[in-house]
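These notes are about the structure you will find just below.
The values are calculated or read from the model by the stated rules, or taken from the named source; none is laboratory data. What you are looking at is a predicted structure, and each value in this text was computed from that prediction instead of being measured. Here the Cβ is made from the backbone with ideal geometry for all residues, glycine too, and neighbour counts use every protein chain on show.
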Amino acid sequence: MLLARVVRRFKDDYSVAFRRDPAARGWWSVIFCYPGLHALFNHRVAHYLWRQGLRFWARWISHLSRFVTGVEIHPGASIGGRVFIDHGAGVVIGETAEIGDDTVIYQGVTLGGVSLSKGKRHPTIGKGVVIGAGAKVLGPVMVGDGARIGAGSVVVKDVPDHGVAVGVPAMVISRRHHDGDRISLRHDKITDPLLGVIRRLEERVYRLEKELARRETGPNPEQAAG
């Protein structure tokens, strides 16, 4: 039973690479050359040992996996099925993090904590989430199903289902994003949340300067005489 479950989960992790990565060329390259897949497989083993109380061996496997793959996943983290870690370099996932099915994580992502106290201190990621390269999701925040986190963003507050969050700290710029099963993160299509504010300020300054110049010059002499 356990072996069958492990094999099924590995098949899911393996097959998702072909759906999420257009660079996947063949089964041999995915199995032998994808560190994200290796890190997930090692984590499945380490997580099982962790739940069985074999904490040292779980940490040992996790440590070896980090050395080989460049991906650090604490064995206590809970990761769902069909999760894809693209490239993998620099990904860090903390002990109490929870990641839902069909999530895509790009390189340099951190699911970290902001507290030294024990208990839930890492993020909970919903299903079908995409987390862009270099993004940091910190603390016990909730990222809803189907959400998108822009590259380089720092998320310290909850993100609603199908929301899009970008910036430092991240701001939710859309609450109605939905693309079904199509995983995409077009950063060129994500609006800068500060750009609109800056443009409105520029327009207001321009109008104020124009009004100030008009008042300083005073009324036209001919108009005043009339």
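Here's the yes/no breakdown for (1) farther than 25 Å from LEU111 by Cβ; (2) modelled with pLDDT of 85 or more; (3) crowded, with 18+ Cβ neighbours inside 10 Å; (4) charged (D, E, K, R):
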| site | (1), (2), (3), (4) |
| --- | --- |
| GLY134 | no, yes, no, no |
| PRO160 | no, yes, yes, no |
| GLY163 | no, yes, yes, no |
| GLY196 | yes, no, no, no |
| THR217 | yes, no, no, no |
Worksheet item: Can you tell me which residues in region 112-132 are surrounded by fewer than 17 Cβ atoms within 10 Å (Cβ to Cβ) and either in contact with a Pro (Cβ under 6 Å, 6 or more places away or on another chain) or at pLDDT 90 or above (or both)?
Response: GLY112, LYS120
Worksheet item: Given the structure, is GLY70 assigned by TED's automatic domain parsing to the domain that holds ASP13, among the small types (Gly, Ala, Ser) and under 19 Å from the mean Cα position of the chain (by Cα)?
Response: yes
Response to the item:
With criteria (1) at pLDDT 90 or above; (2) β-branched (Val, Ile, Thr); (3) surrounded by fewer than 22 Cβ atoms within 10 Å (Cβ to Cβ); (4) out of contact with any strand residue (DSSP E or B) (no Cβ under 7 Å at 6 or more places or on another chain), VAL30 comes up short on (1)
Worksheet item: How many residues does region 93-126 contain that are in contact with a helix residue (DSSP H, G or I) (Cβ under 9 Å, 6 or more places away or on another chain) and outside any loop (DSSP other than H, G, I, E, B)?
Response: 3
Worksheet entry | Test: ALA89 is modelled with pLDDT under 95 and under 21 Å from the mean Cα position of the chain (by Cα) | yes
Item to complete: Please note which strands (runs of 3 or more DSSP E) are completely contained in region 127-178 and include at least 1 residues that are outside the structural domain of ALA97 (by TED's automatic domain parsing) and either within 13 Å of the chain's Cα centre (by Cα) or of a type in the set (Val, Ile, Thr) (or both).
Response: none
Fill in: Residue count, region 15-31 (criterion: more than 21 Å from the chain's Cα centre (by Cα), part of a helix (DSSP H, G or I) and either more than 23 Å from GLY108 (Cβ to Cβ) or touching a residue at least 40 places away in the same chain (Cβ under 8 Å) (or both))
4
Fill in: Those residues of region 58-81 which are buried (at least 18 other Cβ atoms within 10 Å of the Cβ) and touching a residue at least 40 places away in the same chain (Cβ under 8 Å), in sequence order
ALA77
Discussion item. Here is a list: LEU40, LEU49, LEU64. Which entry is in a helix (DSSP H, G or I), closer than 20 Å to VAL16 by Cα and hydrophobic (A, V, I, L, M, F, W, C)?
Written reply: LEU40
Item to complete: Please indicate, with yes or no, whether at least one residue in region 33-45 is out of contact with any Leu (no Cβ under 7 Å at 6 or more places or on another chain), of a type outside the set (Phe, Trp, Tyr), exposed (fewer than 14 other Cβ atoms within 10 Å of the Cβ) and without any contact (Cβ under 8 Å) to a residue 12 or more places away in the chain.
Response: yes
